[in-house]
1. For A:K207, which lysines qualify as cross-link partners when the Cα separation must be under 26 Å and same-chain residues fewer than eight apart are set aside?
2. Once you have a ≥ b ≥ c as the square roots of the Cα gyration tensor eigenvalues for the range B:13-90, tell me rounded if a/c is under 1.5, and otherwise prolate or oblate according to whether a/b is larger than b/c.
3. Which is the longest run of chain A containing none of the GluC sites (Glu not before Pro) found in DSSP loop states (not H, G, I, E, B) with at most 14 other C-beta atoms within 10 Å?
4. Per residue of A:307-314, count partner chain C-beta atoms within 10 Å of its C-beta, then hand back the mean as an integer.
5. Please report, for A:A127, the nm distances (one decimal) from its label point, 7 Å out from Cα along the beta-carbon direction, to the equivalent points in the remaining copies, shortest first.
6. Going 7 Å from Cα along the Cα-Cβ axis for the label, what nanometre distances separate A:L72 from the same residue across the other copies?
7. What do you get for trypsin sites (Lys or Arg not before Pro) in the range B:231-305 restricted to DSSP loop and a cutoff of at most 13 other Cβ within 10 Å of the site's Cβ?
8. How large is the dipole of chain B about the Cα centre if only Lys and Arg carry +1 and Asp and Glu carry -1, each at its Cβ, rounded to the nearest 20 debye?
Protein chains: 2
Amino acid sequence: CQFSLFSWKGSRKPDVDSSDSWMSEPITSLDELKQNGDDMKCKMEAMIMRIQSEFVHAVEKEELEEGGKKFLVDRWLREQGGGGITCVLQDGTVFEKAGVNISVVSGILPPNAVQQMRARGKKMKGANLKFFAAGVSSVVHPRNPHIPTVHFNYRYFEVENDDGEKHWWFGGGTDLTPYYLEEKDVVHFHKTLKKACDGHGKQLYPKYKKWCDDYFRVPHRGESRGVGGIFFDDVDEPSQDKCFEFVTDCAESVVPSYLPLVQKHKKDGVSYPEREWQLLRRGRYVEFNLIYDRGTKFGLYTPGARYESILMSLPLTARWEYKHSPPEGSREAQLTEVLKNPREWV
Amino acid sequence: CQFSLFSWKGSRKPDVDSSDSWMSEPITSLDELKQNGDDMKCKMEAMIMRIQSEFVHAVEKEELEEGGKKFLVDRWLREQGGGGITCVLQDGTVFEKAGVNISVVSGILPPNAVQQMRARGKKMKGANLKFFAAGVSSVVHPRNPHIPTVHFNYRYFEVENDDGEKHWWFGGGTDLTPYYLEEKDVVHFHKTLKKACDGHGKQLYPKYKKWCDDYFRVPHRGESRGVGGIFFDDVDEPSQDKCFEFVTDCAESVVPSYLPLVQKHKKDGVSYPEREWQLLRRGRYVEFNLIYDRGTKFGLYTPGARYESILMSLPLTARWEYKHSPPEGSREAQLTEVLKNPREWV
């Protein structure tokens, strides 16, 4: 594996130093990001700009090696404050659809969003709260069914009460959705995420691995969306800086956890039934995202939401067959078994 | 047009008389349906059995004329009471996916379902209510993009309070989702539905046409799912029998409103971009059904729901492209314009 995790440990440079390689100018001006290097809002924006660039370039390298396409870069501003940078690679050679999005938004939270947050354990007073949110999110749907789909999202929130009291927290996660089960690949993926977590407490990986299994469950089918990974929300301990370091380590573990799987399988032969199975599984992916995913629903229900960036997570193509059931003992049935009964991988 | 609406008027036979042509034995025994011909639960079951058979046979005739497939018939029973008959034609010559489902279920309503009903204006006391529901629902996705997708659903509910007080009501509708706008086709479709409504009051079509436009709206895209039709719920006046007659007339208008469109376009030539556009529009169809459709969400959230019958409405294939926008002045843009600004067709 060409990627070595934690190689920079102890010598991490400020994220703004990488600004030359960012996908576009940031949402906040570079000068402001540099001048406010101690403000978490600016630190987070610089970090997600760097992560976006690193991930886009790693994915694009695999695509261009096969003579494929480059990412389109779409910088957008929001009338109500803030904006985002959406990078999309569509209908490529290695990747059918890959989206890497950052957004940095602020404004007033509508009452139903406040409600949503309260339900998640945050106690906040007032009907309309000032908020700030910055995050990076990505979904990569490769063309080859032997390469899994990956999804990650790392985010930071600030909310201010009517009486000026401030709350902040981090959330995020990375998870894998294979079409065929390659145990070694899944173990590599989970091990890499565990390594990122372990530096911040041995209890984190088991807790966030379980949270991921619970979150990406599709109740009506009694199966998970994929083979999991890590998922967390409401992280605000032991300190803002420690939380930021943790989230940064998680975000940096995406490339070493996933890219080796792309490299390993991108030239695998594919049969017609394998492609059909992939499309059916993509239908299941759409079901989870549109019916259950809190982020998607919350996003779409917010007036003025940029739905193109939210729905970027959907595959280019998906398929639904009535009562499709893979033959007993097939590799397709083997995957289904693991989705019904999540395993421990490390 | 080979179909003539209302030709039987004044001489309507009991629906059980058509039992020889039903797709399978009913959920309730035929003897029981015959003996309880005055009970609306039995009348409704016999009616939807007949409608299912008539619609399946009309669709299948178009398919078989082109050497295609027959419907599969899947009768299922529900542990908690009742069951259904799901008829599916998949990957055919004329039809990519067509599902015609009846269900007759009874049991105890879970509290969140009670809540859902209360929100719709029905005042019912008690946490767990005895209920009965019978309905026919169908979605037809033709292969040719010049034939629209059609959806219809007609249903009857009974709910009993803790103190024995009974409520009943009917709901339903038929609506059309074209990929290319053929004004004549849309006018024919709406005119046929209007004719079915008009016999029961001139105010009904305008009211239910508007309700349909409002219901099938996709807020995040600012467009409608299709060109509408009729939609109604909570219908319980002037009498149970009059309501049943109205719903029966609506259900019988599906074949004459839609099948002429299939006949007219099933041999139309199709270009590759037309097929691509159809798949993109099918993605939008999936968005509506999974994010907003009350019936789908309510169904999937109900424990023990038969998700295969609920998700039968999804197309065989769908597609999502980032920021797809049809060229100005194209036929695709013309459709989009009508979806953004619903029109009066009659």
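Bear in mind that the values in this text are calculations on the coordinates, not laboratory data. Predicted model only: the values in this text are computed from it and were never measured. When we count neighbours, we look across all protein chains shown, and the Cβ atoms used for this are built from the backbone with ideal geometry, even at glycine.
1. Filter leaves A:K9, A:K122, A:K123, A:K184, A:K191, A:K194, A:K195, A:K242, A:K297, A:K340.
2. oblate
3. Counting at most 14 other Cβ atoms within 10 Å as exposed, the longest clean stretch of chain A is A:166-327.
4. Average per residue, whole number: 4.
5. 3.1
6. Ordered by distance, the counterparts are at 3.8 nm.
7. Listed in order of number, the matching sites are B:K267.
8. Its charge dipole is roughly 760 debye.
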